[in-house]
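Student: A single structure is presented below for examination.
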Amino acid sequence: MTSGIRFEDVSVAYGGTTVLDAFSLTVEPGEVMALLGPSGSGKTTALRAVAGFVRPAAGRVFIGDRDVTGLPPHRRGIGMVVQQYALFPHLRVEDNVAFGLKARKVNKGEIPGRVAEALEMTGMAAYGTRYPRELSGGQQQRVAIARALAVRPGVLLLDEPLSALDAQLRSGMLAELARLHRELPEVSILYVTHDQVEALTLADRIAVMDKARLQDCGTPRQLYRRPRTEFTASFVGNANLLPVAVGGAGVSFAGTPLKVDTGGAASGSTATLCVRPHLVGLGDGPNALRGTITEVQWRGATHRLYVDVGGRRLKADLRELRETPELGAEVTLHFAPEDAVLLGAGVTSDG
Ligand code: ADP
């Protein structure tokens, strides 16, 4: 079943507080969309609106062409995996996986084959007769994924599926989820996470959420290279956000003129310049800024320098430094004009 998901102006409120505010988003058939944002930003609420566990106060939810806003969860053609696995402790693995099939009244003769297929897909074929307590956390989460896949959903909803796992398991499971997606190219996936690495790794597009609203949406590369808001710039990757004044040929920061693409921003307005720390170089170059090192962190592959430039702190992640720079030393930093993105600038009417 090919599906896709569409939110149309969906709002959800609890006791008078709006926790999802006029949320509109389209997930294409076969697309992985990550909902990324801090805790409490409304991500899970959006996902639960697709699942049918919360009823929107306004707006509609579509799965494929079907308006599912008023449908009960089991009639929506979804599979769902949550953080805490939520397996039935008293049921063997195979019965856990069969559960949703029985609930959906799938033909009895068909169930064992569907269970075997789902366990095979998640690498759990050898564990069908075990109980959840006899499995590791990672294995339990695989069973939860198998259970979601067994119903052959058009839409797979994943709510922080890796956050209960330790770091090493998590990166293995990320690769597994990417493989599953390749094996099920027609399934649309909505993936809730607060972890930017998970979002950048897995998602075709990322919807960035904050304060009950959609803030930004784009491919991981778009959001990383060309964020549209300060929130996105700092939440997706690391960023220097420098207050600047827009001038005719560029901007000025702490009294230093800098050449950047102002994209038609009004001269005289104030804006924020986003420069990624790993795109800042040490030594002279275009857009040179002088400052004093206030902190040095050795991070293995890189040195992170904090440099005071005119009372502002700049972060630079530098590779291949032979020697660790000294605290208090005067240094020059630079960045290429094309590596800077101007945010929040007023745009002139002819720009
Ligand atoms: P996220 O998934 O981004 O962490 P949630 O969607 O879970 O955010 O929650 C958004 C807001 O809604 C939070 O402030 C949360 O406390 C509130 N909330 C979520 N579920 C309920 C509920 N059942 N009753 C009351 N408030 C809720």
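The values are calculated or read from the model by the stated rules, or taken from the named source; none is laboratory data. Because the structure is a prediction, the values reported are computed rather than measured. For neighbour counting, all protein chains shown are included, and Cβ atoms are generated from backbone atoms with ideal geometry for every residue, glycine included. These accessible areas exclude ligands, DNA and RNA; they are computed on the full protein's heavy atoms, side chains included. Shrake-Rupley method; radii C 1.70, N 1.55, O 1.52, S 1.80 Å.
Student: Of the accessible area of segment 160-220, with the probe set at 1.4 angstrom, what percent is carbon plus sulfur?
Tutor: Carbon and sulfur: 54 percent of the exposed surface of segment 160-220.
Student: Please turn the phi angles of segment 217-231 into ³J(HN,Hα) values with the Karplus equation 6.51 cos²θ - 1.76 cosθ + 1.60 (θ = phi - 60°), one per residue in order, whole Hz, x for glycine and proline.
Tutor: 8, x, 6, x, 5, 4, 5, 6, 7, 10, x, 9, 10, 4, 4
Student: With a 10 Å cut-off between alpha carbons and a GNM built on the chain, which of Gln297, Gln84, Gln196 moves the most?
Tutor: Residue with maximal mean-square fluctuation among Gln297, Gln84, Gln196: Gln297.
Student: Next up: Check which residues have an amide H placed less than 5 Å from Val10's amide H, if you skip close sequence neighbours.
Tutor: For Val10, whose amide H was placed from the backbone, the distant partners under 5 Å are Phe23, Ser24, Arg60.
Student: Right, next: May I ask for the longest run of the chain untouched by trypsin sites (Lys or Arg not before Pro) that are loop-located per DSSP and have at most 14 neighbouring C-beta atoms (other than their own) within 10 Å?
Tutor: It runs 106-210.
Student: Just grab the label-to-label distance for Lys108 and Ser136, each label 7 Å out from Cα along the Cβ direction, in nm (one decimal).
Tutor: Simple spin-label model gives 3.8 nm for this pair.
Student: Moving to a separate point now. Quick one: 3J(HN,Hα) in Hz for segment 151-158, Karplus 6.51/-1.76/1.60 with θ = phi - 60°, rounded, Gly and Pro as x.
Tutor: 7, 6, x, x, 9, 10, 10, 10
Student: Report, to the nearest 10°, how far helix 111-121 tilts away from the longest principal axis of the Cα atoms in the chain, using its own Cα long axis and a range of 0 to 90°.
Tutor: On a 0 to 90 degree scale, this one is about 30.
Student: Once the Cβ-Cβ distance between Asp95 and Arg322 is put in as r, and R0 is 51 Å, what FRET efficiency do you end up with, to the nearest 0.05?
Tutor: 0.25
Student: For the Cα atoms of the chain, what angle does the longest principal axis make with the long axis of helix 93-103, in degrees from 0 to 90, nearest 10?
Tutor: Computed tilt is about 80 degrees.
Student: Continuing with the same structure: To the nearest 10 degrees, how steep is helix 137-150 against the longest Cα principal axis of the chain, on a 0 to 90 scale?
Tutor: It is inclined by approximately 60 degrees.
Student: Something else: Tell me which residues come under 5 Å, amide H to amide H, from Val280 once H is placed; ignore anything under 5 positions away on its chain.
Tutor: Distant-sequence amide H within range of Val280: Asp317.
Student: Here is a further query. Hey, can you find the accessible area per residue of the chain for me, probe 1.4 Å, expressed in square angstrom?
Tutor: Accessible area per residue: 47 Å².
Student: Turning to a different aspect of this structure: Round to a whole number: what % of the accessible area of segment 58-103 belongs to carbon and sulfur, probe 1.4 Å?
Tutor: The nonpolar share, carbon plus sulfur, comes to 55 percent.
Student: If you don't mind, another one. Taking H as built 1.01 Å from N, whose amide H comes closer than 5 Å to the amide H of Ala254, not counting residues under 5 places away?
Tutor: none
Student: Would you mind telling me which residue in Ser24, Ser136, Ser39 has the biggest mean-square fluctuation in a Gaussian network model of the chain, where springs connect alpha carbons within a distance under 10 angstrom?
Tutor: Ser136
Student: For segment 260-270, in order, what is each residue's ³J(HN,Hα) by Karplus, 6.51 cos²θ - 1.76 cosθ + 1.60 with θ = phi - 60°, in whole Hz (x at glycine and Pro)?
Tutor: 9, 6, 8, x, x, 5, 5, 4, x, 7, 9
Student: Follow-up. For the chain, modelled as a Gaussian network with Cα springs under 10 Å, which listed residue fluctuates most, Ala254, Ala340, Ala49?
Tutor: Ala254
Student: How big is the chain by Rg and Dmax over its Cα atoms, in Å?
Tutor: Radius of gyration, then largest Cα-Cα span, for the chain: 24.4, 76 Å.
Student: Based on the Cβ-Cβ distance of Thr129 and Arg182, what FRET efficiency does E = 1/(1 + (r/R0)^6) give at R0 = 25 Å, to the nearest 0.05?
Tutor: Here the calculated transfer efficiency is 0.30.
Student: Given R₀ = 22 Å, FRET efficiency for Ser24-Thr201 by Cβ-Cβ distance, to 0.05?
Tutor: Efficiency for this residue pair is about 0.30.
Student: Report, ordered by chain and residue number, the aspartates and glutamates lying within cross-link reach of Lys211, taken as a straight Cα distance under 16 Å and ignoring same-chain residues fewer than 8 apart.
Tutor: Cα-Cα hits under 16 Å: Asp9, Asp21, Glu230.
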